[in-house]
Amino acid sequence: MAKQQAAQQVADHFTELYGSAPEGVWAAPGRVNLIGEHTDYNDGFVMPFALPHRATAAVSRRTDGVVRLHSADIDSGVTELRLDSLAPGTDSTWTAYPAGVLWALREAGHTVTGADIHLSSTVPTGAGLSSSAAIEVVTALALNDLYGLAVPGSRLARLCQRAENIYVGAPTGIMDQTASACCEPGHALFLDTRDLSQQQIPFDLAAAGLRLLVVDTQVTHAHSGGEYGKRRAGCEKAASLLGVHALRDIPHPDLTPALSRLAEKARRTGTADAEELVRLVRHVVTENHRVERTVSLLRSGDPRAIGPILTEGHASLRDDFRVSCPELDLTVDTALTAGALGARMTGGGFGGSAIVLTAEPDVPLITKAVEEAFTTAGHKPPRVFEAVPSAGARRLN
Ligand code: ADP
Ligand code: MG
């Protein structure tokens, strides 16, 4: 009911702004990645699920080649752009995300002659929960429906990724947009980033007496962009030394001999960072394996048993991939001490959010323990909320 009211509010605001009621209202969620971190650019596995937090957009078509954009969350008024002057790299503000989607749709040959768009989102921005994908996907779905383009969700996700990579200029994988477009309630999405095949895996936490908390640390460490590039380059270098197309091609049972081969090859070729490459490979190969183990436990109806896998994943990101930070480590350590079944950082790292799997009765205790630990350590208070695996993008009315 509250959600229906929120949709009506977005429609009413549209009417006030543009002078007539919208043709429809759509929603697309943010996401959290359950397991499978830094695997997407290694052709590996990821496993996100959709959050109840979502972007809602009221949209109408136009026939004059103009797009008007407004966000309830940004104080910049209505932006008016001409479709024929949309070009990658020309917009460094928020409007690049929806404008980029219009650009990508038109570039792919779809007939879109303009739009009035008003959007509002409950996905926290910059917390690693994909507020950017939510506003891209909601825009794409609305235009897809209104213009009768009949593009399937997974393909819309690709177009949104192009918008973000090329139009906005942010190098992201395909996970965020696919999760926002394709997730289903009570399920996590097992996505193979190599062939983009996907499977809905039952992930009904409430039925198992479990809860999943998201702890948004509210920090972003300044070096995150450069470090992401370095990890990515390291993985590519290691794959090339190992003679494989991507690290995905190293099966888990071959990990130990592959690491010896890599160390040997690095020594022979005088590579200075052999030890670092070994750590990167170990993370990616074990992480893909953790996704597969998680899938099989969830399929067998045992969500509680994935706790230790999440915690192992955190140790691997902290010690081998080295993308954690004090706030994330504190969250994980505190939650585990307070009785959580498992916990790990989620997203690219160096800030953003952590997830905590817990039995339902332990939620207040764990929340309090994490909040107090942040206060004691002198960190800004975290935002803690419960993540219920929710619906992917859809039309509301
Ligand atoms: P994340 O996707 O992890 O939240 P990003 O940096 O990828 O972080 O995307 C955040 C950006 O997306 C914001 O800086 C803003 O430009 C845009 N954005 C997200 N939500 C909204 C919104 N409700 N209104 C306008 N712009 C938004
Ligand atoms: Mg983003």
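The values are calculated or read from the model by the stated rules, or taken from the named source; none is laboratory data. The model shown is predicted, which means the values in this text are computed figures rather than measured ones. Note that each Cβ is placed from the backbone with ideal geometry, even for glycine, and that neighbours are counted across all protein chains shown.
Quickly run through segment 115-159 and pick out the residues that are more than 12 Å from ligand 1 (Cβ to nearest atom) and within 27 Å of Ala354 (Cα to Cα).
Restricting attention to segment 115-159, the residues satisfying the condition of being more than 12 Å from ligand 1 (Cβ to nearest atom) are 115-116, 140-159.
Selection gives Ser154, Ala157, Arg158.
Contact map, segment 297-308: first residue part of a helix (DSSP H, G or I), second residue among the polar types (S, T, N, Q), Cβ cut-off under 8 Å, separation 6 or more or different chains; pairs are Ile306/Thr294. For segment 56-76, taking the residues that are loosely packed, with under 13 Cβ neighbours inside 10 Å and either within 21 Å of Leu146 (Cα to Cα) or modelled with pLDDT of 95 or more (or both), the one that is farthest from ligand 1 (Cβ to nearest atom) is identified as Thr63. What's the total number of residues in segment 89-115 that are under 18 Å from Ala133 (Cα atoms) and of a type in the set (Ser, Thr, Tyr)? Count: 4.
When Asp204 is tested against (1) of a type outside the set (Gly, Ala, Ser); (2) under 16 Å from the mean Cα position of the chain (by Cα); (3) under 30 Å from Thr358 (Cβ atoms), only condition (2) is not met.
Test of understanding: among Gly126, Gly109, which residue is over 17 Å from Gly24 (Cα atoms) and either of a type in the set (Asp, Glu) or away from ligand 2 (no atom under 15 Å from the Cβ) (or both)? Spell out the reasoning first.
Numbers: Gly126 fails: either of a type in the set (Asp, Glu) or away from ligand 2 (no atom under 15 Å from the Cβ) (or both).
The unique qualifying residue is Gly109.
Residues in segment 129-160 that are within 11 Å of ligand 2 (Cβ to nearest atom) and farther than 23 Å from Asp216 by Cα: 1 in all. Residues of segment 106-136 that are modelled with pLDDT under 95, in contact with a strand residue (DSSP E or B) (Cβ under 7 Å, 6 or more places away or on another chain) and either surrounded by fewer than 18 Cβ atoms within 10 Å (Cβ to Cβ) or among the charged types (D, E, K, R) (or both): Gly126 alone. Of all residues in segment 1-48, those being polar (S, T, N, Q) and modelled with pLDDT under 95 number 2.
Results for (1) of a type in the set (A, V, I, L, M, F, W, C); (2) within 19 Å of Thr178 (Cα to Cα), shown as yes or no for each residue.
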residue: Ser76; (1), (2): no, no
residue: Glu80; (1), (2): no, no
residue: Thr111; (1), (2): no, no
residue: His118; (1), (2): no, no
residue: Glu136; (1), (2): no, yes
residue: Ala140; (1), (2): yes, yes
residue: Ala157; (1), (2): yes, yes
residue: Asn165; (1), (2): no, yes
residue: Val168; (1), (2): yes, yes
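So which of Tyr147, Tyr167 ends up being over 23 Å from Leu310 (Cα atoms), among the aromatic types (Phe, Trp, Tyr) and surrounded by fewer than 24 Cβ atoms within 10 Å (Cβ to Cβ)?
Values: Tyr167 fails: surrounded by fewer than 24 Cβ atoms within 10 Å (Cβ to Cβ).
Criteria check complete, one pass: Tyr147.
Taken residue by residue, segment 200-216 has no member that is polar (S, T, N, Q) and not in a strand (DSSP E or B).
Okay, residues lined up against (1) free of Cβ contacts under 8 Å to residues at least 40 places away in the same chain; (2) within 20 Å of Asn33 (Cβ to Cβ):
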position: Leu247; (1), (2): no, yes
position: Ser260; (1), (2): yes, no
position: Thr271; (1), (2): yes, no
position: Glu275; (1), (2): yes, no
position: Val285; (1), (2): yes, yes
position: His289; (1), (2): yes, yes
